[in-house]
Amino acid sequence: MRRLLAILAAVACLAGAAADPADRLPDPAQEARARAIFREVRCLVCQNESIDDSEAALAGDLRSIVRDQVKQGRGDAEIRAFLVERYGEFVLLKPPFSPGNALLWATPVVALVLGAGLMIMLLRRRAAPSPLGEDPEALSQAEEARLQVLLKDE
């Protein structure tokens, strides 16, 4: 059991040290800010990974850009704006609400509202009483007479 824990600890240390130390910023606070931004920026090659998780060359380039921007003293919002200007809103893993992507944000809400409305409509129609106050499955007198004729013929 101890051996397994030691192996898992070694793997975790290696995963944390996977980035080249030469690429890191000398100031730990700046490096922490840069890494926080890395987790918000999409790798344009992998598309479902942040640049912090991606091994793609483009992700490495984006990490360098972010580190340079942090080193120059730009704020987080300025760095995000720079990346969006350069690569479009798709570069952000969680794009902000804007008129350009309103349909993207509104689609789940609209689908839920339409689904709930349809369900309510169907349930009301199903539970609605017959206009004559009769059982909708009951046969009319003419149908009952016709059924009796058919049954006698058998």
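The values are calculated or read from the model by the stated rules, or taken from the named source; none is laboratory data. If you're wondering where the values come from, they're calculated on a predicted model, not measured in any experiment. Heads up, the Cβs are rebuilt from the backbone with ideal geometry, glycines too, and the neighbour counts pull from every protein chain shown.
Overview of values
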{"read-out": "Conditions (1) modelled with pLDDT under 90; (2) surrounded by 15 or more Cβ atoms within 10 Å (Cβ to Cβ); (3) in contact with a Phe, Trp or Tyr (Cβ under 8 Å, 6 or more places away or on another chain); number of the one not met by Gln69", "value": "(1)"}
{"read-out": "Residue within the range 94-116 that is hydrophobic (A, V, I, L, M, F, W, C), in contact (Cβ under 8 Å) with a residue 40 or more places away in the chain and outside any loop (DSSP other than H, G, I, E, B) present", "value": "no"}
{"read-out": "Set Cys13, Cys46: member being modelled with pLDDT under 85 and either in contact with a Leu (Cβ under 8 Å, 6 or more places away or on another chain) or within 25 Å of Arg86 (Cβ to Cβ) (or both)", "value": "Cys46"}
{"read-out": "Enumeration of residues in the range 41-93 that are free of Cβ contacts under 8 Å to residues at least 40 places away in the same chain, part of a helix (DSSP H, G or I) and closer than 15 Å to Arg24 by Cα", "value": "Ala59, Gly60, Asp61, Leu62, Ile65, Val66, Asp68, Gln69"}
